[in-house]
Amino acid sequence: MINVTKPFLPPREDYDHYINGIWSRGWLTNNGPLVNELELKLKEYFDVPHLFYVSNGTIALQIAIKALGLTGEIITTPFSYVATTSSIVWEGCIPVFVDIHPETLNIDPSLIEAAITPDTTAILATHVYGNPCDVEAIEKIAAKHSLKVIYDGAHAFGTTYNGKSIFHFGDIGTLSFHATKLFHTIEGGAIITQNATIAKEIAHMRNFGHEGPEKFFNVGINGKNSEFHAAMGLCNLKYVAKILEERKALSARYDYMLRALRVGRPLIQQKADFNHAYYAIIFESEKSLLDAIEALQGVYVYPRRYFYPSLENLHYVRQEQSVVVSDDISRRVLCLPLYHTLSYEEIDMISRALLRAQNN
Ligand SMILES: *Cc1c(COP(=O)(O)O)cnc(C)c1O
């Protein structure tokens, strides 16, 4: 059986080394030494001044919205994982969906201004599949209308833009380190900002708002993560360069094997060094996508429809403008298996099954 992804696991001895340390210290959570070490290493990796390791990528988004004090309407993309939208709703704001660009599959900046109202406070956009949004266009619009910008970078670990980490953009960038992501800590996430004032809000919010044992700085939540999770992160971080390299090679193999398949591929931002977080193909019709899924399941391959359905279809949102591109793409897009131990033979087998389904 081949699933869309398979979590990376470091050599057992690597993890045991950290676990032995946890046992000898007896410090399991609450900003322990491994959490601190992971944060330091990640700050270096992204070359950013402020990074907070949290319990998952969803709480990262919710804290981001809260830390910026957002209210009213938040402009967002309908083509993302449900957590992007649910976080907006959970924080008592209203998601306003702006359609995506048909080639990059990221929010289309040329449509943003028409969606801005006096109630708009921010733009929350996703770097879909790890492919950067048009951050320069978004920055310009945000500056002109005094809007905050949050990037859901759950897919974007390792992606750079003009040679810098993509997390240098926006007021806040969030990450997910869930087991299915390219870099993971089993469960986990992070919040990145360049701004010291915002960082102070986040630091307190993550820990119930505590400012010492008896004083409270702001409304907080429990967004902390544990030493055990940080240990997994410290192990996996040593392999991340290799993981990125392997995914690039595996994606190139798909490109070669699928050259005769009549599918589209997302257009990668020119200024980006892409992390190959996902291998997405866009079929000509939903029918050909469903045929392909059936053919793959016949050989025990389980791809995923990331992202389907388009999020304006959630029953708890209201959308006035139609987002036809997102709705259309979400019906035709499929992510193929891609993970570090996937072999060329398996890719070839998957590719042949897809070609057979097309030619039937
Ligand atoms: C995975 C993911 C999230 C949520 O992250 P969790 O760590 O699972 O809470 C949010 N947004 C996107 C785009 C994701 O892919």
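Tell me which residues come under 5 Å, amide H to amide H, from R304 once H is placed; ignore anything under 5 positions away on its chain.
Amide H neighbours of R304, under 5 Å, 5+ apart: C335.
To the nearest µm²/s, what D does Stokes-Einstein give for the range 208-360 at 10 °C and 1.306 mPa s, using the Kirkwood radius over alpha carbon pairs as Rh?
This corresponds to a translational diffusion coefficient of 85 µm²/s.
With θ taken as phi - 60° and the coefficients 6.51, -1.76 and 1.60, list the Karplus ³J(HN,Hα) couplings across the range 42-54 in order, rounded to whole Hz; mark glycine and proline as x.
My calculation for the range 42-54 gives 6, 4, 5, 4, 8, 6, 10, x, 10, 9, 10, 7, 10 Hz in order.
Kirkwood hydrodynamic radius, computed over distinct alpha-carbon pairs, for the chain: how many Å, to one decimal?
In the chain this quantity evaluates to 21.1 Å.
Which value, in Å² and to the nearest 10, is the accessible area of R352 when all protein chains are kept and the probe is 1.4 Å?
The value for R352 is about 120 Å².
Between S110 and T180, what's the calculated FRET efficiency when r is the beta-carbon distance and R0 is 25 Å? Round to 0.05.
Efficiency at R0 = 25 Å is approximately 0.20.
Could you pull out every residue, at least 5 positions away or on a different chain, whose amide H is within less than 5 Å of the one on Y279? Hs are placed 1.01 Å off N in the peptide plane, and Pro or chain starts have none.
L336
Run the numbers for S285 and D47: contour at 0.36 nm per residue of separation, minus the present Cα-Cα distance, in nm.
Extra length from S285 to D47 when fully extended: 81.5 nm.
Accessible area per residue for the range 244-312 in Å², computed with a 1.4 Å probe and the full protein assembly in place, what is it?
Counting only protein heavy atoms, the per-residue value for the range 244-312 is 52 Å².
For the chain, what is the mean residue ellipticity at 222 nm derived from helices alone (per DSSP H run of n ≥ 4: -39500 (n - 2.57); sum divided by total residues; nearest 500 deg cm²/dmol)?
-12000 deg cm²/dmol
Which far-off residues, 5 or more places away or on another chain, put their amide H under 5 Å from the one on T76, with H placed in the peptide plane?
It is V96, F97, V98, L124, by chain and number.
Within the chain, what's the longest stretch lacking chymotrypsin sites (Phe, Trp or Tyr not before Pro) that sit in DSSP loops with no more than 16 other Cβ atoms inside 10 Å?
With a cap of 16 other Cβ atoms within 10 Å, the longest stretch comes to 28-207.
So what is the relative contact order for the chain, in percent, with contacts set as C-alpha pairs under 8 Å and at least six apart?
Relative contact order here is 23 percent.
Per residue of the range 221-231, in order, report the coupling 6.51 cos²θ - 1.76 cosθ + 1.60 (Karplus, θ = phi - 60°) as ³J(HN,Hα) in whole Hz, putting x for Gly and Pro.
Per residue, the Karplus-derived 3J(HN,Hα) values read 8, 8, x, 6, 10, 9, 5, 5, 5, 4, 4 Hz.
Counting only protein chains, not ligands or nucleic acids, how are S322, S251, S86 ordered by accessible area (probe 1.4 Å), most first?
S322, S86, S251
Karplus couplings for the range 189-200 from phi (6.51 cos²θ - 1.76 cosθ + 1.60, θ = phi - 60°), rounded to Hz, Gly and Pro as x?
Once rounded to whole Hz, the list reads x, 8, 10, 10, 8, 9, 9, 5, 5, 5, 4, 5.
Using Cα pairs under 8 angstrom and six or more residues apart, how large is the relative contact order of the range 240-359, in percent?
In percent, rounded to a whole number, it is 39.
The values are calculated or read from the model by the stated rules, or taken from the named source; none is laboratory data. Note that the structure is predicted; figures quoted are calculated from it, not measured. All Cβ positions, even for glycine, are placed from backbone atoms using ideal geometry, and neighbour counts span all protein chains on display. We work out accessible area using only protein heavy atoms, side chains counted, and drop any ligands, DNA or RNA first. Shrake-Rupley method; radii C 1.70, N 1.55, O 1.52, S 1.80 Å.
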